[in-house]
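Working notes, beginning with the structure itself.
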């Protein structure tokens with residue numbers, strides 16, 4: 001497990017991602033793609049939070065999530081992340097974060113707590129029989145941002 005690099009800023013993370021001009025290329029050119037493979041999901045439809053034409057801001061529980069954010073406690077250990085949602089046309093999107101690892105490369109992490117995917121099958125909803133369907137009000141498909149942040153902090157700190 002690669003931990004976030006210390007003393008990084010949001011600007012540092014933007015610069016690492018910006019080298020690739022596209023978030024898809026940034027994933028594939030860095031270890032982030034391998035990091036995210038713990039859950040089976042497609043990146044066909046992938047968008048970062050906090051941009052004007054973002055289409056996933058309607059997902060239940062994610063309405064106020066920003067894109068770039070510092071996680072941790074001020075004066076202690078903090079690190080920048082970029083919040084991203086992704087899924088194929090047949091899948092319900094799940095959420096992950098990108099961060100700069102100790103090796104200086106872009107890495108990813110899929111929070112378990114507060115996120116929405118099939119934990120038994122370790123895959124995005126939509127890949128398995130009995131998964132929730134979008135728009136049905138199924139409570140299995142409601143995100144909890146605070147729980148995801150707590151999961152990330154517990155995982156790395």
I'd like the orientation of helix 145-156 relative to the chain: the angle between its Cα long axis and the longest Cα principal axis, in ° from 0 to 90, rounded to 10.
50 degrees
Least to most buried among 51, 10, 17, 23 (fewest other Cβ within 10 Å first)
51, 10, 23, 17
Nearest 0.05, what FRET efficiency do residue 14 and residue 90 give at R0 = 41 Å with Cβ-Cβ as r?
0.85
Just to verify a number: FRET efficiency for residue 44 and residue 146, C-beta to C-beta distance, R0 = 30 Å, to 0.05?
0.60
Highest-MSF residue in the chain out of 56, 68, 28 [GNM, Cα springs under 10 Å]
28
When a footprinting reagent is the concern and you count Cβ atoms within 10 Å, what order do 125, 20 take, fewest first?
20, 125
For region 1-124, give me the percentage of DSSP beta bridges that are antiparallel, rounded to the nearest 5 percent.
95 percent
In deg cm²/dmol and to the nearest 500, what is the mean residue ellipticity at 222 nm of the chain if only DSSP H runs of at least 4 residues count, each as -39500 (n - 2.57), divided by the residue total?
-5000 deg cm²/dmol
Answer label for percent of Cα pairs over 29 Å apart (calculated), chosen among [x] 12; [y] 32; [z] 17:
[x]
How much length would be gained if the chain were fully extended between residue 34 and residue 154, taking 0.36 nm per residue of separation minus their Cα-Cα distance, in nm to one decimal?
41.1 nm
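A short reminder: the numbers here are calculations on the coordinates, not readings from a lab. Owing to the predicted nature of the structure, the values given are computational and were not obtained by experimental measurement. Using ideal geometry, Cβ is built from the backbone for each residue, glycine included, and neighbour counts are taken over all protein chains shown.
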